[in-house]
1. Please work out which residue is nearest to ligand 2 (Cβ to nearest atom), limiting yourself to the stretch 13-42 and to residues that are of a type in the set (D, E, K, R) and not in a loop (DSSP other than H, G, I, E, B).
2. Need pairs with beta-carbon distance below 6 Å; first residue within 13 Å of ligand 4 (Cβ to nearest atom) and within the stretch 27-39, second of a type in the set (A, V, I, L, M, F, W, C) and assigned to a strand (DSSP E or B); sequence gap 6+ or separate chains.
3. Between a first residue in the stretch 214-225 that is within 20 Å of Ala190 (Cβ to Cβ) and a second residue that is modelled with pLDDT under 95, which pairs have beta carbons less than 9 Å apart while being 6 or more apart in sequence or on different chains?
4. Among the residues of the stretch 114-158, which ones are among the aliphatic types (A, V, I, L, M) and within 16 Å of ligand 2 (Cβ to nearest atom)?
5. Name the residues in the stretch 40-65 that are in contact (Cβ under 8 Å) with a residue 24 or more places away in the chain and within 21 Å of Ser131 (Cβ to Cβ), would you?
Amino acid sequence: MDTERAPFLRITEIFHSIQGESTRAGLPCTFVRLTGCPLRCVWCDTEYAFTGGTRMTLDEIVEKVDAVGTPLVEITGGEPLAHPNAFPLAARLADAGYTVLVETSGAFDISGLDPRVIRIMDLKCPGSGESARNLWSNLDHLGPADEVKFVVADRADYEWARGVIRERGLDRAVVAGRLGALLFSPVWEAVDLEDLAAWILDDRLPARFQLQLHKLIWGADTIGV
Ligand SMILES: C[S@@+](CC[C@H](N)C(=O)[O-])C[C@H]1O[C@@H](n2cnc3c(N)ncnc32)[C@H](O)[C@@H]1O
Ligand SMILES: Nc1nc2[nH]cc(C(=O)O)c2c(=O)[nH]1
Ligand code: SF4
Ligand SMILES: [Mg+2]
C-alpha cells in the first residue's frame, strides 16, 4: 500500500517490559503507547504521551511488535480508543496470534473492539477529576476475559468504587465468571497501602489489589518501562 495513504497512528513509544498492571502483571509484554488523550486525570503518570509522537503505519507498528517477539501485547496511551485506527490495529495484532490487551479510560465506546481483545477498563473515580467521562454503557460490552479497574486516590474514591461495584452487580459478575476481574490500584503514593488492603478485606470485595509493579522495579519516573 502507498505509505502516504496507509492507515496510521501517532505513537509515543513501543517498548518491551514486564507487565506492571492487571491480572497479567509480571509477564513480559510489548507495549504500544498511542499519542494523545482528551482526558486530564489529575494524577496521570503519562502526560508525556499527550502530544508529540511519531506517525507510524499499522504495518510499521505490527513489524516493530513482531521484532520484539513476545506473545503478549498491550495497546495503551494516551487514550487508545480516542484514535479510530486503534481498532484495526488491535484486530491486526490478534490476527497475527498475539494476546492483545487494550488499556482504556472507559470514556470511549469499546463495543467496536475485536472480540479477541482483552479490555482493561478504568472507571474513573471522582478524585481523577474525570468521572463525568465514564461511558456506563461500556459495562454491557464486557465479558469473562475483561477487567474493570478503579484507580483510587483516597477513601472517598474507594467508597465510590464500592458503590459502583455493588449497585451495578460487578461483584456478582466476577464471582459468576461473567467478568474477568475487578482491580483496585492506588494512585501512586497517594494512598496508604495497608489502608486500601484493609478496606477491600473488610468489605469482602472479590477484587484484586494491584500495584504498579514496573514502578517498584524501575522507579516512578522512568519512561519506557
Ligand atoms: C496512562 S493510562 C493509559 C490508558 C488509558 N488512558 C487509561 O486511563 O486507562 C494507563 C493506566 O495507568 C493508570 N495511572 C495513570 N496514572 C496513575 C497514577 N499516578 N497512579 C496509578 N495509576 C495511574 C491509569 O488509571 C490507567 O489505568
Ligand atoms: N510495565 C508497564 N506496565 C503497564 N501496564 C499498563 C501500563 C500503562 O501505562 O498503560 C504500563 C506501563 O506503563 N508499564
Ligand atoms: S485517561 Fe489515561 S492517559 Fe488520559 S489523563 Fe487519564 S490516565 Fe492519563
Ligand atoms: Mg503506565
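The values are calculated or read from the model by the stated rules, or taken from the named source; none is laboratory data. Since the model is a prediction, treat every value here as computed from it, not as a measurement. Here the Cβ positions follow ideal geometry from the backbone for every residue, glycine too, while neighbour counts run over all protein chains shown.
1. Looking at the filtered set, the residue picked out is Arg33.
2. Note: pairs meeting the criteria are Cys29/Leu72; Phe31/Phe15; Val32/Ile14; Val32/Ile75; Leu34/Leu9.
3. Correct list of pairs: empty, since none qualify.
4. First, pick out the residues of the stretch 114-158 that are among the aliphatic types (A, V, I, L, M): 117-118, 120-121, 123, 132, 135, 139, 142, 145, 148, 151-153, 156.
Once the filter is applied, which keeps residues that are among the aliphatic types (A, V, I, L, M) and within 16 Å of ligand 2 (Cβ to nearest atom), the stretch 114-158 yields Val117, Ile118, Ile120, Met121, Leu123, Val148, Val151.
5. The answer is Arg40, Cys41, Val42, Trp43, Asp45, Thr46, Phe50.
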